[in-house]
Structure formats: structure tokens, C-alpha cells
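What follows is one structure encoded as C-alpha cells, with my remarks underneath.
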Amino acid sequence: MILRTLALAGGLTGAAGLSQFPEFSQQYRQRLGGAVDELSRQITRYEADAAENGQSLDAMLVSLSDEGPLARTQAGNIEQDIARHARLKADLEALEGAGPFMRARMAAHMGDREITRKALLNYEPAVPVNFEGAVFAGTGFFAGWLGLSAVFAFIAGFWGVLTALFGRRRA
């Protein structure tokens with residue numbers, strides 16, 4: 001009885017947790033779009049600065065690298081911004097237009113730690129009342145219930161083996 005109650009609690013916990021994925025993934029995608037927009041603005045500014053000096057962005061980075069420690073640090077920062085922009089833009093393009101089920105399949109495109117942290121800081125759980133929320137809740141319930149049931153079955157089996165090996169035998 002207790003194990004069934006605990007398994008039910010695990011199922012309800014899984015349902016409550018996984019039902020939040022559609023909303024969280026939408027908020028992550030919105031933050032991702034904002035980050036891509038801001039990085040695009042910065043890179044456009046870098047390109048304009050290079051063009052003002054009659055150089056391409058790559059040539060400007062090379063010349064900055066040759067001008068001392070501070071300029072070398074700035075060139076490295078610009079290169080990191082460009083690389084992050086490319087990565088985040090590719091993730092955004094993969095996620096745009098995808099519904100919650102496809103976003104779950106493409107969760108690898110939701111791996112930027114800074115964006116995830118900020119999305120979690122501002123995230124407010126909601127009760128999902130749409131089809132996607134119900135499916136995620138059902139999947140979470142089943143996963144939580146099955147997971148705890150499997151743990152309890154393993155413990156019970158392990159305990160049975162131990163008592164069989166080391167238990168006292170009656171004469």
C-alpha cells in the first residue's frame with residue numbers, strides 16, 4: 001500500500017514537472033531570439049567599424065591581435081561573440097516553427113546555460129490546459145510512476161536476495 005502511494009506520488013510529481021515543458025521551451029525560445037537579435041546588432045556594429053577603417057571584419061581581428069594585450073583580448077571577445085551568434089542562430093532556426101512535441105525532440109538546441117538560467121529565474125509554473133500540456137503531463141506521470149515502481153521492485157528483489165543468502169534458517 002505504501003509503495004503504491006509513493007509510486008502515485010512519483011507519477012504526480014512527474015506529471016507536474018513535465019507538463020511545464022511546453023511553456024518553458026516557449027520562453028526559452030523567446031529569450032534565444034532576443035539573444036540572437038542583440039548579438040546580430042553587435043556584429044553589425046563590428047562590421048561597420050571594420051568597414052570605416054577599410055577592412056573586413058576578419059582583417060580587423062587580425063590587426064587587433066597584433067596591437068598588444070588589450071586589443072588581443074578585445075579581438076578574442078569579438079571572435080567569441082561571432083561564434084556564439086552562429087551557434088545560437090542555428091539553434092533558433094532549428095526551433096522556430098516547431099511545436100512543443102518537436103521542441104522536446106530537439107532539446108539539444110536548448111542547451112545554452114546562460115539563457116536556460118535566465119529563463120528559469122523568471123519562469124512561473126502554470127497549469128497546462130491544452131492538449132500539449134496534457135500529453136506532457138501524462139508522459140511525466142507514467143515516467144514518474146514507472147521509475148519509482150522500478151526502484152521499489154529492484155530494492156525488494158535485492159532485499160530478497162540478501163535475506164535468502166544471509167537470513168537465518170529455521171531448524
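None of the figures in this text is laboratory data; all of them are computed from the coordinates on show. Keep in mind the model is a prediction, meaning the values are calculated, not measured. No Cβ is skipped: glycine too gets one built from the backbone with ideal geometry, and neighbour counts run over all protein chains shown.
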*Could you work out the relative contact order of the chain, using alpha carbon pairs under 8 angstrom and six or more residues apart, expressed as a whole percent?*
50 percent
*Once you've got the GNM for the chain with C-alpha springs shorter than 10 Å, pick whichever of Val135, Val36, Val127 has the biggest mean-square fluctuation.*
Val127
*asked:* Helix-only estimate, please: 222 nm mean residue ellipticity of the chain, summing -39500 (n - 2.57) across DSSP H runs of length 4 or more and dividing by its residues, to the nearest 500.
replied: -27500 deg cm²/dmol
*Taking the stretch 1-56, how much of its Cα-Cα pair set, in percent, is spaced more than 13 angstrom apart?*
73 percent
*Stretchable slack from Glu124 to Thr163, in nm (0.36 nm times residue separation minus alpha-carbon distance)*: 9.3 nm
*Computed Rg/Rh of the chain, alpha carbon atoms with Kirkwood Rh*: 1.27
_List the chymotrypsin sites (Phe, Trp or Tyr not before Pro) within the stretch 69-149 that DSSP assigns to loop and that have no more than 16 neighbouring Cβ atoms inside 10 Å._
Tyr123
*Residue-wise HN-Hα coupling along the stretch 112-122, computed from phi with Karplus coefficients 6.51, -1.76, 1.60 (Hz; x: Gly, Pro)*: 6, 5, 5, 5, 4, 4, 5, 5, 5, 4, 9
*For the stretch 102-108, just list the computed ³J(HN,Hα) in residue order, Karplus coefficients 6.51, -1.76 and 1.60, θ = phi - 60°, integers in Hz, with x standing in for Gly and Pro.*
5, 4, 5, 5, 9, 4, 4
*So for the stretch 106-171, what percent of the C-alpha to C-alpha distances run longer than 17 Å?*
70 percent
*Equivalent ellipsoid semi-axes for the stretch 9-110, as square roots of 5 times the alpha carbon gyration tensor eigenvalues: give them largest first, rounded to whole Å.*
40, 14, 9
*asked:* Taking the Cα centre as origin and putting +1 on Lys and Arg beta-carbons and -1 on Asp and Glu beta-carbons, what dipole magnitude results for the chain, to the nearest 20 debye?
replied: 1700 debye
